[in-house]
Amino acid sequence: MISLFGCVAFAELGSMFPDSGGQYVYLREAYGDLVAFLYGWMLFSVANGGTIAALAVASATYMGQIVPVISQQHVVLSVLGITLTRAHVVGLLLIVVLTYVNVVGLRWGALMQNVSTWTKFAAMAAFVVLGFTIGKGHWSNFNPHGVNLTLGLSPGAFVSAMGIGLIAVFWAYDGWVYITWVAGEVKEPRRNVPLAMVLGIIVVGVIYMAMNATYIYAMPLSEVAKHETIAHAAAAVLFSPGAAVWLSAMISISCFSAAATCTLSGARVCLAMAQDGVFFRSMAKVHPKWRTPALGLIGQGLWAAVLTLSGRYDQLYTYVIYGMVLSYTLTVIGLFILRWKRPDIPRPYRCAGYPWLPAIYVLATAAWTLNTIITRPTEAFWGTTIVLLGVPGYLYWKRSGDAVRP
């Protein structure tokens, strides 16, 4: 619900500025170049690269349930505190494939994404339907069996703990903003970008709840918490170990599909920044044959590979997730600012529930950000540091770069 309230605000902004770059463009129009750049810097340095790295390795890890030789436990190299497993090597290969396919054309990148997306949708639908109809689960698992659902905490501490839990949940829902990054390449963007965001949140929410309900039907919460590859474990309980292998394939495809989406869309933010003269100038160019931001895609892929090799992508993303949510909060506030500053801009879609729904979103995410700073000061400090490290780069590019945006 929190993400959906932010989504309807973004939908209006997407209808106002149907350009590639999405949230970067909205922040630029509302606050100016520096705030927009720091957002783009955060995306390139940690968020996108870390997401692609994490999803590629996760895809390889689930693949290891099918092909044991890929298993995470097999160490290929360990040097300078960095441990490289076979899953990391396969993850690197997946990053290479994703980057290459998206470089050689938007059509091929979109086709790969669509095929993997519909494949996982079909597999998940089969898992849920068959799990509840012929699976060997138990409805009694939905009974907490005396478990203290408030963890024995006071109301204030419980709310704070829920806020910490939302760190991972916000990351899981984070993909709803991707469509705004490629808005300039979407047919009828003023209509389709808002529609895609709202429908995307609703569909993903239904899928998450259906999948988690199936996991709990398979085993109690205490057992769910013990498994890293939960879909594999749940399928083994509901059906058989053989079926669990196919569920691992589904999750592997799901992670690969999500990485494909991030790869396709993320480089478009670098393109917008470079065209504004505040990023590597070479990334401002669109390949004359393939009509893609080829150098931006390659740079993004190389950085994701570096983060994969470092083994620190998950930690880095934890550092910066609060900054991501803060950027969404600033963007929704920007909706109010632009209603005042730019009332003349056409708005084919106007935010549903304005001003109440975006105001609720701002209050909820601001409280969450403050809670994260208080309860996770180390992550908040390093997240802020990573963002501010972009300031010298901004000053350099701003002084030496020239905008090439048409």
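Quick one: which of Leu326, Leu338, Leu295, Leu307 is aliphatic (A, V, I, L, M), within 24 Å of Gly163 (Cβ to Cβ) and out of contact with any strand residue (DSSP E or B) (no Cβ under 9 Å at 6 or more places or on another chain)? Walk me through it before giving the result.
Details: Leu338 fails: within 24 Å of Gly163 (Cβ to Cβ); Leu295 fails: within 24 Å of Gly163 (Cβ to Cβ); Leu307 fails: within 24 Å of Gly163 (Cβ to Cβ).
Among Leu326, Leu338, Leu295, Leu307, only Leu326 is aliphatic (A, V, I, L, M), within 24 Å of Gly163 (Cβ to Cβ) and out of contact with any strand residue (DSSP E or B) (no Cβ under 9 Å at 6 or more places or on another chain).
Restricting attention to region 1-13, which residues are modelled with pLDDT of 90 or more and assigned to a loop (DSSP other than H, G, I, E, B)?
none
Residue check: is Thr214 within 18 Å of Ile95 (Cβ to Cβ), in contact (Cβ under 8 Å) with a residue 12 or more places away in the chain and out of contact with any Pro (no Cβ under 9 Å at 6 or more places or on another chain)? Spell out how you get there, then give the answer.
Details: within 18 Å of Ile95 (Cβ to Cβ): no; in contact (Cβ under 8 Å) with a residue 12 or more places away in the chain: yes; out of contact with any Pro (no Cβ under 9 Å at 6 or more places or on another chain): yes.
Answer is no for this residue.
Given the conditions (1) under 18 Å from Leu111 (Cβ atoms); (2) under 21 Å from the mean Cα position of the chain (by Cα), and given that Leu271 satisfies all but one, which numbered condition is not satisfied?
That leaves (1) as the condition not met.
State whether the residues of region 334-347 include one that is at negative phi, without any contact (Cβ under 8 Å) to a residue 24 or more places away in the chain and among the acidic types (Asp, Glu).
yes
Sort out which residues of region 207-227 are among the small types (Gly, Ala, Ser) and open to solvent by 50 Å² or more (accessible area, probe 1.4 Å), and write them in order of number.
Narrowing region 207-227 to residues among the small types (Gly, Ala, Ser): 210, 213, 218, 222, 225.
Answer for region 207-227, where residues must be among the small types (Gly, Ala, Ser) and open to solvent by 50 Å² or more (accessible area, probe 1.4 Å): Ser222, Ala225.
Yes or no: Ile373 among the aliphatic types (A, V, I, L, M) and free of Cβ contacts under 8 Å to residues at least 60 places away in the same chain?
Values: among the aliphatic types (A, V, I, L, M): yes; free of Cβ contacts under 8 Å to residues at least 60 places away in the same chain: yes.
It is true that Ile373 is among the aliphatic types (A, V, I, L, M) and free of Cβ contacts under 8 Å to residues at least 60 places away in the same chain.
Can you tell me which of (1) open to solvent by 30 Å² or more (accessible area, probe 1.4 Å); (2) more than 30 Å from Gly156 (Cβ to Cβ); (3) modelled with pLDDT of 90 or more is the one Gly390 doesn't meet?
Gly390 satisfies all of (1) open to solvent by 30 Å² or more (accessible area, probe 1.4 Å); (2) more than 30 Å from Gly156 (Cβ to Cβ); (3) modelled with pLDDT of 90 or more except (1).
Out of curiosity, is Ala267 at pLDDT 85 or above, among the aliphatic types (A, V, I, L, M), farther than 24 Å from Ala56 by Cα and in a helix (DSSP H, G or I)? Can you show your working first?
On the way: at pLDDT 85 or above: yes; among the aliphatic types (A, V, I, L, M): yes; farther than 24 Å from Ala56 by Cα: no; in a helix (DSSP H, G or I): yes.
Considered against the rule, which asks whether it is at pLDDT 85 or above, among the aliphatic types (A, V, I, L, M), farther than 24 Å from Ala56 by Cα and in a helix (DSSP H, G or I), Ala267 comes out as no.
Provide a single number: the residues in region 191-210 that are touching a helix residue (DSSP H, G or I) at 6+ places or on another chain (Cβ under 6 Å) and more than 20 Å from Asn114 (Cβ to Cβ).
2
Hey, any hits in region 187-198 for a residue that's modelled with pLDDT under 90, open to solvent by 50 Å² or more (accessible area, probe 1.4 Å) and not in a helix (DSSP H, G or I)?
To start, the set of residues in region 187-198 that are modelled with pLDDT under 90 comprises 187-198.
Within this subset, residues satisfying the condition of being open to solvent by 50 Å² or more (accessible area, probe 1.4 Å) are 187-188, 190-191, 195.
Next, from what is left, pick out any that are not in a helix (DSSP H, G or I): 187-188.
Yes; the residues of region 187-198 include at least one that is modelled with pLDDT under 90, open to solvent by 50 Å² or more (accessible area, probe 1.4 Å) and not in a helix (DSSP H, G or I).
Since Thr378 meets every condition but one in (1) assigned to a helix (DSSP H, G or I); (2) closer than 14 Å to Phe10 by Cα, which condition does it not meet?
(2)
So the check is Cβ under 6 Å with 6+ separation or different chains; which pairs have a first residue in region 384-395 that's in a helix (DSSP H, G or I) and a second one that's modelled with pLDDT of 90 or more and basic (Lys, Arg)?
none
For region 229-272, what are the residues that are without any contact (Cβ under 8 Å) to a residue 40 or more places away in the chain and aliphatic (A, V, I, L, M)? Let's see the steps before the verdict.
Step one: of region 229-272, the residues without any contact (Cβ under 8 Å) to a residue 40 or more places away in the chain are 230, 233, 236, 240-243.
Answer for region 229-272, where residues must be without any contact (Cβ under 8 Å) to a residue 40 or more places away in the chain and aliphatic (A, V, I, L, M): Ile230, Ala233, Ala236, Ala243.
For region 252-294, enumerate the residues that are farther than 30 Å from Gly393 by Cα and touching a Lys or Arg at 6+ places or on another chain (Cβ under 8 Å).
So in region 252-294, the residues farther than 30 Å from Gly393 by Cα come out as 252-257, 289.
Residues satisfying the conditions are Ile253, Ser254, Ser257.
Anything in region 293-319 that is among the polar types (S, T, N, Q) and either at pLDDT 85 or above or open to solvent by less than 20 Å² (accessible area, probe 1.4 Å) (or both)? List them, or say none. Give the derivation first.
Let us first name the residues in region 293-319 that are among the polar types (S, T, N, Q), namely 300, 308, 310, 315, 318.
Scanning region 293-319 gives Gln300, Thr308.
Mind checking whether some residue in region 104-114 is basic (Lys, Arg), under 21 Å from Ile52 (Cβ atoms), open to solvent by less than 80 Å² (accessible area, probe 1.4 Å) and assigned to a helix (DSSP H, G or I)? Outline the logic, then answer.
In the first step, residues of region 104-114 are kept if they are basic (Lys, Arg); the result is 107.
Next, from what is left, pick out any that are under 21 Å from Ile52 (Cβ atoms): 107.
This time we only want the ones that are open to solvent by less than 80 Å² (accessible area, probe 1.4 Å), so: none.
Among the residues of region 104-114, not one is basic (Lys, Arg), under 21 Å from Ile52 (Cβ atoms), open to solvent by less than 80 Å² (accessible area, probe 1.4 Å) and assigned to a helix (DSSP H, G or I), which makes the answer no.
Which is crowded, with 20+ Cβ neighbours inside 10 Å and at pLDDT 90 or above, of Tyr322, Tyr354, Tyr328? Talk me through it step by step, then tell me what you get.
Values: Tyr322 fails: at pLDDT 90 or above; Tyr354 fails: crowded, with 20+ Cβ neighbours inside 10 Å.
On inspection, the qualifying residue turns out to be Tyr328.
Would you be able to tell me the number of residues in region 14-68 that are small (Gly, Ala, Ser), in a helix (DSSP H, G or I) and surrounded by fewer than 22 Cβ atoms within 10 Å (Cβ to Cβ)? Outline the logic, then answer.
Narrowing region 14-68 to residues small (Gly, Ala, Ser): 14-15, 20-22, 30, 32, 36, 40, 45, 47, 49-50, 53-54, 56, 58-60, 64.
Imposing the further condition that a residue be in a helix (DSSP H, G or I) reduces the set to 14-15, 30, 36, 40, 45, 47, 49-50, 53-54, 56, 58-60.
Cutting the leftovers down to surrounded by fewer than 22 Cβ atoms within 10 Å (Cβ to Cβ) gives us 30, 45.
Number satisfying all stated conditions: 2.
Suppose the filter is under 25 Å from the mean Cα position of the chain (by Cα), within 20 Å of Ile179 (Cα to Cα) and β-branched (Val, Ile, Thr); does Val278 pass it? Walk me through how you get there before you give the answer.
Working: under 25 Å from the mean Cα position of the chain (by Cα): yes; within 20 Å of Ile179 (Cα to Cα): no; β-branched (Val, Ile, Thr): yes.
It is false that Val278 is under 25 Å from the mean Cα position of the chain (by Cα), within 20 Å of Ile179 (Cα to Cα) and β-branched (Val, Ile, Thr).
What residue, among those in region 228-258 that are open to solvent by 40 Å² or more (accessible area, probe 1.4 Å) and among the β-branched types (Val, Ile, Thr), is modelled with the lowest pLDDT?
For region 228-258, the residue satisfying everything is Val245.
Taking region 59-86 as the search range and keeping residues that are farther than 21 Å from Pro241 by Cβ and β-branched (Val, Ile, Thr), which one is modelled with the highest pLDDT?
Thr85
Where the second residue is aromatic (Phe, Trp, Tyr) and assigned to a loop (DSSP other than H, G, I, E, B) and the first is under 20 Å from Leu389 (Cβ atoms) and open to solvent by less than 30 Å² (accessible area, probe 1.4 Å) and lies in region 273-291, which pairs have Cβ atoms under 7 Å and are six or more apart or on separate chains?
Partner pairs satisfying both residue conditions: Met273/Phe279; Ala274/Phe280.
The values are calculated or read from the model by the stated rules, or taken from the named source; none is laboratory data. Just so it is clear, the structure is predicted and the values come from calculations on it, not from any experiment. Because the Cβ atoms are built from the backbone with ideal geometry, glycine has one as well, and the counts that use them run over all protein chains shown. Surface areas here come from the heavy atoms of the whole protein model, side chains and all, with no ligands, DNA or RNA. Shrake-Rupley method; radii C 1.70, N 1.55, O 1.52, S 1.80 Å.
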